[in-house]
Ligand SMILES: Nc1ncnc2c1ncn2[C@@H]1O[C@H](COP(=O)(O)OP(=O)(O)OP(=O)(O)O)[C@@H](O)[C@H]1O
Ligand SMILES: [Mg+2]
């Protein structure tokens with residue numbers, strides 16, 4: 001599933017005094033199976049963009065093509081798009097509503113018309129995919145588990161629809177470091193298992209550097225940069241100027257270089273950093 | 001969608017009416033309601049309309065904005081008009097099949113509709129020109145004597161303030177939940193009535209959970225800042241009547257007197 005966004009603009013509450021331009025002339029392409037990170041200061045339009053990718057918001061102008069099909073055209077089946085493109089909102093745990101976890105996870109696939117054994121298999125697979133034991137959790141209430149577990153259940157609710165494109169808006173917001181790592185590992189596993197396209201928004205540059213093949217940098221409603229993480233983080237001054245951070249490992253290597261250690265420029269990979277530092281002290 | 005409701009909304013402008021003390025505006029609105037029921041002639045209504053028109057002009061709220069809010073109540077207006085028109089017996093002036101219109105009916109229909117329109121416009125002007133917070137503040141001050149009778153006036157006002165404050169928050173929350181469920185393939189737009197009502201469960205349950213969470217967090221935050229009710233609480237902006245408010249009081253009561261005189265002599 002490739003995604004092509006062409007000259008996308010979005011204006012909220014057009015024509016009222018509180019009108020705000022959330023996206024201005026955004027164009028990019030994401031190829032099938034890529035892991036894409038989206039970064040940008042708060043209010044730069046990231047969440048607005050994501051909601052366009054599965055048809056929840058209609059563009060003010062511009063086009064969105066998914067596998068060459070224009071999803072903004074009249075008469076496109078929304079259900080088809082929702083099936084292809086799974087969107088996990090920020091703080092998705094606030095959407096849980098069923099009596100049991102299994103029923104909640106089944107909500108999505110049921111809406112797609114899946115029933116019976118196939119439904120149960122999908123639910124089981126999704127719950128296990130997010131690292132919870134199906135038999136233990138299926139009959140629990142989604143309101144009696146911990147915050148991190150709720151988050152997993154909510155993500156399972158989208159995974160159960162088997163989306164070919166998985167989109168996550170700040171999937172680790174508000175989680176403690178341990179749960180943060182668990183959720184990011186989980187997303188990585190999902191990508192490795194299904195080879196689906198994954199798009200995620202994050203304020204954590206370590207995750208962006210570790211996981212993504214492609215990074216989109218947003219500022220003030222505009223797409224400023226569409227490049228590999230190495231290219232983006234090589235522009236250190238520029239990144240800081242956009243109110244973003246550098247990955248910890250890049251900062252560390254930069255500090256060492258300033259002290260005169262012989263390391264290569266812009267290291268964003270912890271393994272590479274380890275190897276080079278080890279070589280110096282060998 | 002739900003955000004489009006303008007009834008009870010505040011219109012931000014800088015006008016004499018906006019700057020008046022909320023207490024005088026509340027009293028004037030209440031008196032205006034009473035006056036509309038004192039009036040019993042069309043002349044009186046034209047007089048009341050002229051007075052209201054003057055206040056609207058002073059308030060700088062565009063007429064279009066006021067009438068946009070009234071659209072939602074159009075059904076009620078039409079209903080009132082039609083019921084009065086056909087249901088009141090008297091001298092028949094028009095007859096078609098089983099429908100008859102009497103002179104009295106026509107009179108009553110026009111009368112009631114006129115009264116309702118003025119009632120809605122007059123009262124919506126209060127919320128249009130007064131911020132919700134000052135409205136509840138004013139109400140609290142006006143109800144203050146009741147607190148001597150152990151009526152929890154401060155708590156009532158605080159509850160109203162919080163309720164008003166959280167309407168936009170809850171609307172936003174609803175919007176988010178609807179989108180999140182739509183992303184999971186939920187369909188809120190088609191199906192028959194029963195199905196549609198059932199489809200609301202995935203919205204209502206999370207909304208209640210959110211409302212309780214917000215209420216709980218807010219209560220904690222207020223307690224953490226030593227909130228313990230109204231007793232001994234001072235205010236940041238004490239309400240004080242100015243010259244403008246006194247003039248307004250004089251005008252409001254003069255208008256009341258003139259309405260009563262009109263009723264007696266015409
Ligand atoms: N429902 C809405 N109605 C009106 N304006 C909105 C709405 N949602 C977002 N906006 C505005 O659009 C702009 C972009 O918002 P958006 O939520 O896309 O930002 P973001 O990049 O996701 O920020 P964050 O990192 O804080 O999540 C902001 O200026 C915001 O005020
Ligand atoms: Mg966002």
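The values are calculated or read from the model by the stated rules, or taken from the named source; none is laboratory data. From a predicted model like this one, the values you see are computed outputs, not experimental measurements. Ideal geometry is used to build each Cβ from the backbone, glycine not excepted, and the neighbour counts take in all protein chains shown.
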* Structure fact -> Reported set for region B:225-246 where residues are in a helix (DSSP H, G or I) and under 25 Å from the mean Cα position of the chain (by Cα) is B:244, B:245, B:246
* **The listed residue being free of Cβ contacts under 8 Å to residues at least 60 places away in the same chain, within 11 Å of chain A (Cβ to nearest Cβ) and either farther than 19 Å from residue A:150 by Cα or part of a helix (DSSP H, G or I) (or both), out of B:146, B:207** => B:207
* Asked: Within region A:106-119, how many residues turn out to be under 16 Å from residue B:201 (Cβ atoms) and touching a helix residue (DSSP H, G or I) at 6+ places or on another chain (Cβ under 7 Å)?
  -> 4
* Quick one: how many residues across region A:3-43 are surrounded by 14 or more Cβ atoms within 10 Å (Cβ to Cβ), more than 14 Å from ligand 2 (Cβ to nearest atom) and not in a strand (DSSP E or B)? -> 2
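Can you spot a residue in region A:45-58 that is in a loop (DSSP other than H, G, I, E, B), within 15 Å of ligand 1 (Cβ to nearest atom), under 19 Å from residue A:198 (Cα atoms) and in contact with a strand residue (DSSP E or B) (Cβ under 6 Å, 6 or more places away or on another chain)?
Yes, region A:45-58 has at least one match.
Can you name the residue in region A:121-130 that is in contact with a helix residue (DSSP H, G or I) (Cβ under 6 Å, 6 or more places away or on another chain) and more than 14 Å from chain B (Cβ to nearest Cβ) and is also surrounded by the fewest Cβ atoms within 10 Å (Cβ to Cβ) among such residues? Break it down into steps so the answer makes sense when it comes.
Applying the first criterion (in contact with a helix residue (DSSP H, G or I) (Cβ under 6 Å, 6 or more places away or on another chain)) to region A:121-130 yields A:122-124, A:126-130.
Now narrow it down to the ones that are more than 14 Å from chain B (Cβ to nearest Cβ): A:124, A:127-130.
Values: A:124: 16, A:127: 25, A:128: 13, A:129: 18, A:130: 24.
Per the criteria, the residue is A:128.
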* Structure fact -> Picked from region A:44-70 (must be within 14 Å of chain B (Cβ to nearest Cβ) and more than 16 Å from ligand 2 (Cβ to nearest atom)), the residue nearest to residue A:4 (Cα to Cα) is A:55
* Taking region A:61-93, which residues are more than 12 Å from ligand 1 (Cβ to nearest atom), within 18 Å of residue A:12 (Cβ to Cβ) and touching a residue at least 24 places away in the same chain (Cβ under 8 Å)? -> A:61, A:62, A:64
* Could you say whether any residue in region A:94-110 is within 16 Å of ligand 1 (Cβ to nearest atom), under 28 Å from residue A:208 (Cα atoms) and assigned to a helix (DSSP H, G or I)? -> yes
* To do: Return a yes/no flag: does region A:79-88 have any residue that is more than 10 Å from chain B (Cβ to nearest Cβ), part of a helix (DSSP H, G or I) and in contact with a helix residue (DSSP H, G or I) (Cβ under 8 Å, 6 or more places away or on another chain).
  => no
* So, in region A:92-101, of the ones that are within 9 Å of chain B (Cβ to nearest Cβ) and out of contact with any strand residue (DSSP E or B) (no Cβ under 9 Å at 6 or more places or on another chain), which residue ends up surrounded by the most Cβ atoms within 10 Å (Cβ to Cβ)? -> A:95
* To do: Report yes if some residue within region A:225-241 is within 16 Å of ligand 2 (Cβ to nearest atom), at pLDDT below 95, outside any helix (DSSP H, G or I) and touching a strand residue (DSSP E or B) at 6+ places or on another chain (Cβ under 9 Å); otherwise report no.
  => no
* Which listed residue, of A:13, A:24, A:4, is on the phi < 0 side of the Ramachandran plot and within 13 Å of ligand 1 (Cβ to nearest atom) -> A:24
* **Search result, residues across region A:131-142 that are surrounded by 14 or more Cβ atoms within 10 Å (Cβ to Cβ) and over 19 Å from residue A:187 (Cα atoms)** => A:137, A:138, A:140, A:142
* Do the conditions hold for residue A:115, that is, is it surrounded by fewer than 21 Cβ atoms within 10 Å (Cβ to Cβ) and within 26 Å of residue A:56 (Cβ to Cβ)? -> yes
* Scan region B:188-204 for residues that are touching a residue at least 12 places away in the same chain (Cβ under 8 Å) and out of contact with any helix residue (DSSP H, G or I) (no Cβ under 7 Å at 6 or more places or on another chain) and jot them down. => B:199, B:200
* Inside region A:163-216, can you point out the residues that are farther than 21 Å from residue A:229 by Cα and buried (at least 20 other Cβ atoms within 10 Å of the Cβ)? -> A:163
* Within region B:124-181, count every residue that is under 30 Å from residue A:111 (Cβ atoms) and over 21 Å from the mean Cα position of the chain (by Cα). => 10
